[in-house]
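Engineer: Would you mind keeping the following structure in view while I ask a few things?
The values are calculated or read from the model by the stated rules, or taken from the named source; none is laboratory data. Source: prediction; values computed, not measured. For neighbour counting, all protein chains shown are included, and Cβ atoms are generated from backbone atoms with ideal geometry for every residue, glycine included.
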Amino acid sequence: MSLREEWDAARAQRQQEINERQHQVLEHRHQTQMELYETATNRAAMAAALRDSLSNFHNTLQSDVANFREETRLHQQEVWMEEAHQRAAYVAAMRDYVWGTAPTLMTDVNPVPLPAPNVPPSAKPKSIPTNLERVFQYVRQNIGVQIDDIETALGLSRADTVNALQSLMNQKLLVQQAQSYYPIQGS
């Protein structure tokens, strides 16, 4: 074999190796592209699943928080009612201790009707200003109401409520018994 033939044979062998390597590179490139496509598809599916999971978690959390807030509000109201009954019992016990007799709860108070005052018609007010009229109407509709309830229901300040009640009592339209207010019969 001549040198030229050896060189041509070596060249043909190198060319075959190059072709094989190019073919391997193309196969690897194709395999890598397929793997990247699968990975992208899997990631998109995982992202959608995570979004759904997060959305479900968010909705569940909102619902749980709303339920917790409602339960807390109801429990708080129960505690406040219990404390109000305890305060009323304490006040009744103190009243009994100081004065000798008292009903056990303010809700058990039966007001003693007072006789209608002998007020001549000319002495009755001709017109009652707005706050006085509102307070008077509220007491007539809610007999035995306390000052806190009047303030809350009518949205008045303590000073306005006290002034209105005092004015109505001075006009002999209301009477105060214990901590409750009652309209005078005939008013």
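Engineer: Considering every residue within region 55-72, establish whether at least one is surrounded by 10 or more Cβ atoms within 10 Å (Cβ to Cβ) and over 30 Å from the mean Cα position of the chain (by Cα).
Structural biologist: Checked against the condition, which is being surrounded by 10 or more Cβ atoms within 10 Å (Cβ to Cβ) and over 30 Å from the mean Cα position of the chain (by Cα), region 55-72 yields no hits at all.
Engineer: Turning to a different aspect of this structure: Go over the candidates Val135, Val112, Val119 one by one and state the one that is modelled with pLDDT of 75 or more and aliphatic (A, V, I, L, M).
Structural biologist: Going through Val135, Val112, Val119 in turn, the sole match is Val135.
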